[in-house]
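*Asks:* Starting off with a structure, shown below.
The values are calculated or read from the model by the stated rules, or taken from the named source; none is laboratory data. No experiment lies behind these values; they were computed from the predicted model shown. Neighbour counts run over all protein chains shown; Cβ positions are idealised from the backbone, glycine included. We work out accessible area using only protein heavy atoms, side chains counted, and drop any ligands, DNA or RNA first. Shrake-Rupley method; radii C 1.70, N 1.55, O 1.52, S 1.80 Å.
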Amino acid sequence: MKKNYSRWSSIVLIAFIYLLAAVAGVELFVSLTHKPQPLVDNPIIALFCADILATIIVWGCGLIFENVSVYDPYWSVFPPIAFLLFACYTQIWSMPVILLLIASWYWGWRLTRNWVITFKGIAFEDWRYTKYRVRGKFIFHVINFFGLNMVPTLVVFAAMLPGLMLFEAYASANWLTWFGFIVCIASATIQLIADKQIHSFRATHPGQCCNVGLWKHGRHPNYFGEIQFWWGVWIIYASVYGISWLICGPIAMTALFLGISIPLMEQRQLANKPGYAEYRQHTRLLI
């Protein structure tokens, strides 16, 4: 259903899709955890089911509008809402939880804001997705559902697990908790600064390789901030419960960026940005 919606009409449409996904997800979560006889004993499992349902709805709308980019805001929208939903469900409002909520909503606002700024409309699909459409309908739909929608959802949920474990019981904040909070806030701020710098550079130097500000010290400061944010969430968790297998969450997030997102971006930059090869030789991958 390719239609020429205006940019703001497209944003309203995306907002409606996400409202629909959120309502369905919350309804499923409430149904599965309804007391006194919940269908699911572990609320994290119920939240996971709600996450999968919301992802399927967003994926389905992407099919309707023939645009995988419908999924793009999901990354920044789900975690803050999920953490707040969990706080309301558990009624755990400890200091670590409050710090987590502040950090996640600040991070989510920054990332969603950047999406709104760069979003061109429902008719425009991100270059990362369009290249898969030439592989045939069946292969594309398999890649679309699993690789482009479900895998990011699973990785983000894995990275959220340390934060969700903070709702197990009341706990006090210590210096490490505050350090993790500072890491989260600093990470989102790095991303915010990197956003402003690259937007300003592109406006005055179209088609050129950005090598100013944070981009002078690292080729992907925005990805660096994203990776660091989830390590900050894990530090907040570790300050209360110590090191556990949940460290796999931020490790998975790091692997996603180092193994997929960054290599894809590097290939595109080398092909389209004059001077990127030289810039690459003299600039670190991450800050």
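*Asks:* Here is a check on your reading of the model: is Ser104 in a helix (DSSP H, G or I), touching a Ser or Thr at 6+ places or on another chain (Cβ under 9 Å) and of a type in the set (Ser, Thr, Tyr)? Before you say what the answer is, go through the steps one by one.
*Replies:* Working: in a helix (DSSP H, G or I): yes; touching a Ser or Thr at 6+ places or on another chain (Cβ under 9 Å): no; of a type in the set (Ser, Thr, Tyr): yes.
No, not satisfied.
*Asks:* I've got another one for you. For the stretch 277-287, which positions are in a helix (DSSP H, G or I) and open to solvent by 50 Å² or more (accessible area, probe 1.4 Å)? If you could, list the steps in order and put the result at the bottom.
*Replies:* As a first pass, look at the stretch 277-287 and keep what is in a helix (DSSP H, G or I): 277-282.
Of everything in the stretch 277-287, those that are in a helix (DSSP H, G or I) and open to solvent by 50 Å² or more (accessible area, probe 1.4 Å) turn out to be Ala277, Glu278, Arg280, Gln281, His282.
*Asks:* I'm checking my understanding of the structure. Among residues of the stretch 262-276 that are closer than 20 Å to His205 by Cβ and open to solvent by less than 60 Å² (accessible area, probe 1.4 Å), which one is nearest to the chain's Cα centre (by Cα)? First the steps, then the outcome.
*Replies:* Of all residues in the stretch 262-276, those closer than 20 Å to His205 by Cβ come to 265-266, 268-276.
With open to solvent by less than 60 Å² (accessible area, probe 1.4 Å) added as a condition, the list becomes 265-266, 269, 273, 275-276.
On the way: Met265: 17, Glu266: 20, Gln269: 22, Lys273: 26, Gly275: 30, Tyr276: 26 Å.
Among those that are closer than 20 Å to His205 by Cβ and open to solvent by less than 60 Å² (accessible area, probe 1.4 Å), it is Met265.
*Asks:* Taking the stretch 132-153 only, how many residues are under 21 Å from Leu84 (Cβ atoms) and among the hydrophobic types (A, V, I, L, M, F, W, C)? Write out each step before concluding.
*Replies:* Initial filter on the stretch 132-153 (under 21 Å from Leu84 (Cβ atoms)): 152-153.
Then drop every residue that is not among the hydrophobic types (A, V, I, L, M, F, W, C), which leaves none.
Residues that pass the stated criteria total 0.
*Asks:* Here's something else I'd like to know. Working only within the stretch 166-186, note down all residues that are under 19 Å from Ala82 (Cβ atoms) and surrounded by 16 or more Cβ atoms within 10 Å (Cβ to Cβ).
*Replies:* Leu166, Phe167, Gly180, Phe181, Cys184
*Asks:* Separate question: Taking the condition touching a Phe, Trp or Tyr at 6+ places or on another chain (Cβ under 7 Å) and at negative phi, does Leu256 pass?
*Replies:* Values: touching a Phe, Trp or Tyr at 6+ places or on another chain (Cβ under 7 Å): no; at negative phi: yes.
No: the conditions fail for Leu256.
*Asks:* Of the numbered conditions (1) under 19 Å from the mean Cα position of the chain (by Cα); (2) surrounded by fewer than 23 Cβ atoms within 10 Å (Cβ to Cβ), Trp230 fails exactly one; give the number of that condition.
*Replies:* Among (1) under 19 Å from the mean Cα position of the chain (by Cα); (2) surrounded by fewer than 23 Cβ atoms within 10 Å (Cβ to Cβ), the lone unmet condition for Trp230 is (2).
*Asks:* Listed residues Val70, Val26, Val30, Val58; which is over 29 Å from Trp127 (Cα atoms) and either in contact with a helix residue (DSSP H, G or I) (Cβ under 8 Å, 6 or more places away or on another chain) or among the polar types (S, T, N, Q) (or both)?
*Replies:* Working: Val70 fails: over 29 Å from Trp127 (Cα atoms); Val30 fails: either in contact with a helix residue (DSSP H, G or I) (Cβ under 8 Å, 6 or more places away or on another chain) or among the polar types (S, T, N, Q) (or both); Val58 fails: over 29 Å from Trp127 (Cα atoms).
The unique qualifying residue is Val26.
*Asks:* To continue, here is another question. When the residues of the stretch 117-137 are filtered to those that are more than 17 Å from Val70 (Cβ to Cβ), assigned to a helix (DSSP H, G or I) and of a type outside the set (Val, Ile, Thr), which remaining residue is least open to solvent (accessible area, probe 1.4 Å)? It would help to see each step written out before you state the result.
*Replies:* Narrowing the stretch 117-137 to residues more than 17 Å from Val70 (Cβ to Cβ): 117, 131, 134-137.
The next check asks that each one be assigned to a helix (DSSP H, G or I); those that pass are 117, 131, 134-135, 137.
In the following step, the residues that additionally are of a type outside the set (Val, Ile, Thr) were identified as 131, 135, 137.
On the way: Lys131: 79, Arg135: 135, Lys137: 166 Å².
Restricting to residues being more than 17 Å from Val70 (Cβ to Cβ), assigned to a helix (DSSP H, G or I) and of a type outside the set (Val, Ile, Thr), the top hit is Lys131.
*Asks:* Can you find a residue in the stretch 4-14 that is more than 27 Å from Leu166 (Cα to Cα), among the charged types (D, E, K, R) and in contact with a Gly (Cβ under 9 Å, 6 or more places away or on another chain)? It would help to see each step written out before you state the result.
*Replies:* Filtering the stretch 4-14 down to residues more than 27 Å from Leu166 (Cα to Cα) leaves 4-14.
Then keep just the ones that are among the charged types (D, E, K, R); that gives 7.
Remaining after also requiring in contact with a Gly (Cβ under 9 Å, 6 or more places away or on another chain): 7.
Scanning the stretch 4-14 turns up at least one residue that is more than 27 Å from Leu166 (Cα to Cα), among the charged types (D, E, K, R) and in contact with a Gly (Cβ under 9 Å, 6 or more places away or on another chain).
*Asks:* Can you list residue pairs whose Cβ atoms sit under 7 Å apart, with the first residue in the stretch 273-287 being free of Cβ contacts under 8 Å to residues at least 24 places away in the same chain and the second being surrounded by fewer than 16 Cβ atoms within 10 Å (Cβ to Cβ)? Count only pairs 6 or more apart in sequence or on different chains.
*Replies:* From the stretch 273-287, the pairs are Ala277/Leu270.
*Asks:* Which one of these does Ile235 not meet: (1) over 27 Å from Ser69 (Cα atoms); (2) at pLDDT below 95?
*Replies:* Going through the list (1) over 27 Å from Ser69 (Cα atoms); (2) at pLDDT below 95, Ile235 breaks only (2).
*Asks:* Right, here's the next one. Conditions: (1) of a type in the set (A, V, I, L, M, F, W, C); (2) over 19 Å from Tyr237 (Cα atoms); (3) open to solvent by 30 Å² or more (accessible area, probe 1.4 Å). Phe140 meets all but one. Number of the miss?
*Replies:* Result: Phe140 passes all but (3).
*Asks:* For Phe140, which of the numbered conditions (1) touching a Gly at 6+ places or on another chain (Cβ under 9 Å); (2) over 24 Å from Glu27 (Cβ atoms) fails to hold?
*Replies:* So the condition that Phe140 fails would be (1).
*Asks:* Right, next: Among the candidates Pro96, Pro80, Pro73, which residue alone is in contact with a Gly (Cβ under 6 Å, 6 or more places away or on another chain) and open to solvent by less than 10 Å² (accessible area, probe 1.4 Å)? I'd like the intermediate steps shown before the answer.
*Replies:* Numbers: Pro96 fails: in contact with a Gly (Cβ under 6 Å, 6 or more places away or on another chain); Pro73 fails: in contact with a Gly (Cβ under 6 Å, 6 or more places away or on another chain).
None of the other options fit; the residue is Pro80.
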